[in-house]
Structure formats: structure tokens, C-alpha cells
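I have placed the structure first, in the form of C-alpha cells, so that the comments after it can refer back to it.
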Amino acid sequence: MSVNYDVTETLDVKGASCPMPVVKTKSAIDDVPEGGVLEVLSTDKGSMSDIDGWAAGTSGVELLDQVEDGDVYKHYVEKTA
Amino acid sequence: MSTEPSSTADGTQPSAAELQARVEELEETVAALEADDEQQKMTIVATQGTFDMAYPPLILASTAAAFGWDVVVFHTFWGLDILHEEKSQNLQLSAVGNPNMPMPNALAALPGMDRLATRMMQSRIDDNGTATIEELIDLSLEQGVELQACQMTIELMDYDEDDFYDDVTVGVGAATALQHMAESDIQLLV
């Protein structure tokens, strides 16, 4: 399945494990303008649950989608405020 | 409506202006309390200085900071070594009395076994892409985590305040830790 979002920025944290995907996502989203979409590429299986949980517990962000593409987990996070 | 100061002349009735000021003051207090309530707080007390036990407090602290929480990690006793620039590079895993080690205690007690066990763990950590302790400390500080070094333990261990990573908070004791714990939603002892 291919998803096309208007990606503002891509964060590549492939190879890094917990807590890096979440913490780096938070740092990266800080630099994304409002309305922008951050794409996060991770090989950490736990990132599926972790980024979901982080987005739910963090104001000003919305998790648009999570896609498993081979070995890579792709996350699309919108900065809403 | 009368706003004559006559009502305050006898000292029993506050004027409309005074009431207005009081209402504004209370509104500010409520707004501050509400804002404070939104901000989650966590306090972790890190007491262990072995290689394996250095990880949980730092992983939880940096992740909590990514949620925008106000996080304090109070390092005391052996936990202080995690913040010690030199010692943190050399934290050891204990092979003795560690049921997770695939060797009997009699063997684990031989010289060099702790070092061997640490090296095995280190290589697994590298293979797994898990961050180093130093990376996690930098990451935590970057995210605004307050890493506190217990002053009493600094003196007990005969450490110098300059021995710690930059931006580590020194000169704090149990009262400071308790104060943050009392305000925290989550308190953990590691």
C-alpha cells in the first residue's frame, strides 16, 4: 500500500531503537511549521505503538497514518498547532 | 450604581474596585492552577550505578520529556555514577548474583567476569542500535530533563562538582527531591 502525504520533512531513525524514534520525532516536529507533515522512518517495531502513544499524549500533533513497508515502519505526523 | 467610597469608610464593606481586584487576582490563580495541572510531572530517583540499571531512568526521562512533561531525575548513592563523566563510561554489569547470566556464581566470581559480562551486554546494545548512556544523558538534557546530583552523596563519595556532565544540577538534597515528588503525577524509584 502506498500512501502519499505532502511531506514537509523526513526523519530517518532507521537502526535506532527505543527511546530514539519518539524523542527524535519530538525534536523534529518542533521544527515543522504548523500544518506541516513529518515523515518518520524507523526499523524499530516498538515505534508503531510508541509513536501512536506519544502522539495521543501530546498536544499540537496528530498521527495521520502508520505504514509497514518491508522492514521499515513509516509514520506520518501532522503538526496541528 | 453607587461606587462611592462610603462603603469602605467603616472598614467592613470592600469597595467595588477592591472586589474587582480580588476577582482578578483569583482568576489569575485559577488560570495558573489550570495551566499547572495540564503539565504532567515525573520524578525518578536513580539509586543504582550498574551498567544495566543506568538505562531505565534515562530512557523513561527522555521519553517523558518528549511528551512535554516536566521531568526530574534525582541521582543518589550509586546512581550518581551515571552522571559522573568519567565513571559513566565505565559502568559495569555484575555477573555475580545475577540470575540472568548464563553462568554459575562460582564462575561469575572469577576475576574479570564483570568486565566480560559488560562487554557482552555492550556488544548486544551496539548491535541493537540502542543508545549509549552518554547519548541518553545528552538527549535528556537537550529535552529539558533536570538531572540532579545529590549533594550529600557527592561529598560522601568524595566527588567534585566538576566531575559531572555540564548542565547537571548540583547542590540539591532530599528536600528538593521530595518537593518535586509531591507535585509529580509519577514517582519512580530505580
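Once the Cα atoms are used to define both axes, helix B:55-66 deviates from the longest principal axis of chain B by about 30 degrees.
Given a cut-off of 35 Å, what percent of all Cα-Cα pairs of the protein assembly as shown lie beyond it?
Of the Cα pairs, 35 percent sit more than 35 Å apart.
Interface between chains B and A: roughly 1100 Å² of accessible area buried, both sides summed (probe 1.4 Å, protein heavy atoms only). Rounded to the nearest 10 degrees, what's the angle between the helix B:113-128 long axis and the longest principal axis of chain B, both from Cα atoms, 0 to 90? Around 60 degrees separate the two axes. In terms of its alpha-carbon gyration tensor, the range B:103-163 comes out oblate; a/c meets the 1.5 threshold, while b/c is at least as large as a/b. Need one word for the range B:1-159: rounded, prolate or oblate. Basis is the Cα gyration tensor (sqrt eigenvalues a ≥ b ≥ c); a/c below 1.5 gives rounded, then a/b vs b/c decides. It comes out prolate by the Cα gyration axes.
Counting only protein heavy atoms and using a 1.4 Å probe, what share of the accessible area of chain A belongs to carbon plus sulfur, as a whole percent? Accessible surface attributable to carbon and sulfur in chain A totals 43 percent. With contributions of -39500 (n - 2.57) from each DSSP H run of at least four residues, the per-residue ellipticity at 222 nm computed over chain B stands at -13500 deg cm²/dmol. Going from the isolated chain to the complete set of protein chains, the range B:49-83 loses at least 30 Å² of heavy-atom accessible area (1.4 Å probe) at B:Ile59, B:Thr63, B:Ala66, B:Phe67.
Relative to the longest principal axis of the Cα atoms of chain B, the long axis of helix B:133-142 lies at roughly 10 degrees.
For the range A:13-35, list whatever residues lose no less than 30 Å² of accessible surface once every protein chain is in place, relative to that chain by itself, with the probe at 1.4 Å. Hits at the 30 Å² cut-off: A:Ser17, A:Cys18, A:Pro19, A:Met20, A:Val23, A:Lys26.
Counting only heavy atoms of protein chains, what accessible area per residue, in Å², does the protein assembly as shown have with a probe of 1.4 Å? Could the numbers behind the result be given before it?
Numbers: 15080 Å² over 271 residues.
About 56 Å² of surface per residue is accessible.
Counting protein heavy atoms only, the range B:38-143 has 53 percent of its accessible area on carbon and sulfur, 1.4 angstrom probe.
The values are calculated or read from the model by the stated rules, or taken from the named source; none is laboratory data. Not measured: the values here are computed from a predicted model. Remember, those area values only see protein heavy atoms, side chains included, never the ligands or the DNA or RNA. Shrake-Rupley method; radii C 1.70, N 1.55, O 1.52, S 1.80 Å.
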